[in-house]
Structure formats: structure tokens, C-alpha cells
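The values are calculated or read from the model by the stated rules, or taken from the named source; none is laboratory data. Remember, predicted model here, so these are calculated numbers, not experimental data. Cβ atoms come from the backbone with ideal geometry, glycine included; neighbour counts cover every protein chain shown. These area figures cover heavy atoms from the full protein model, side chains too; ligands, DNA and RNA do not enter into them. Shrake-Rupley method; radii C 1.70, N 1.55, O 1.52, S 1.80 Å.
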Amino acid sequence: MGMSGWIMDVEEAYWDQVARIVEDSEHISEAEDRALSLSEPMVPHIDIDDIRESVTMLWNEYWSNV
């Protein structure tokens, strides 16, 4: 596995954890804060605005199905 494969695996693991964070959070701001904290050590190359947008999308998707 090359470097790009490793980066893709780390990103996939990050987004899996963010999905669990969304399910476990009481409010979207909590989910966003936790996702941003986790991004620093795992995926510092992903833009903060992209993370916020993705958390919002995951939040809306999850809570519309509950």
C-alpha cells in the first residue's frame, strides 16, 4: 500500500468516527467541535469548512431518519 492508500484509509476511519460522533452528540455544535478536534491529529489536510459542511450534512441525514 502506497502513501495515498494510507491517507485514504485514515480519511475513511476519520469519517466513520465523525458519523459515530454525530449519533452520540446532543447538539450539532457539539458534533462539530468534536469532529474538528479529531481532525487535527488525524486529517489536518482537510479544510475546516469542508468538515463543518460534512458534519451538518451527516447531522441532518442522521436526525431526519431517527
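Counting Lys and Arg as +1 and Asp and Glu as -1 over every other residue whose Cβ lies under 11 Å from the Cβ of residue 31, the net charge comes to -3.
Counting every alpha-carbon pair across the chain, the share separated by more than 21 Å comes to 22%. With a cut-off of 16 Å on the backbone N, the residues of the range 8-35 near the modelled label site 7 Å out from residue 65 along Cα-Cβ are 15-25.
Protein heavy-atom surface of the chain, 1.4 angstrom probe: 52% of the accessible area is carbon and sulfur, with nucleic acids and ligands not counted.
When the helices of the chain are scored as -39500 (n - 2.57) per DSSP H run of n ≥ 4 and the total is divided over every residue, the value at 222 nm lands at -27500 deg cm²/dmol. In the context of the full set of protein chains, the chain has a per residue accessible area of 69 Å² (1.4 Å probe).
Computed from Cα atoms, the angle from the helix 48-64 axis to the main principal axis of the chain rounds to 50 degrees.
Were the residues from residue 9 through residue 46 laid out at 0.36 nm apart, the gain over their Cα-Cα distance would be 11.9 nm. Helix 28-42 sits at what angle to the longest principal axis of the chain, using alpha carbons and giving 0 to 90 degrees rounded to 10? On a 0 to 90 degree scale, this one is about 10.
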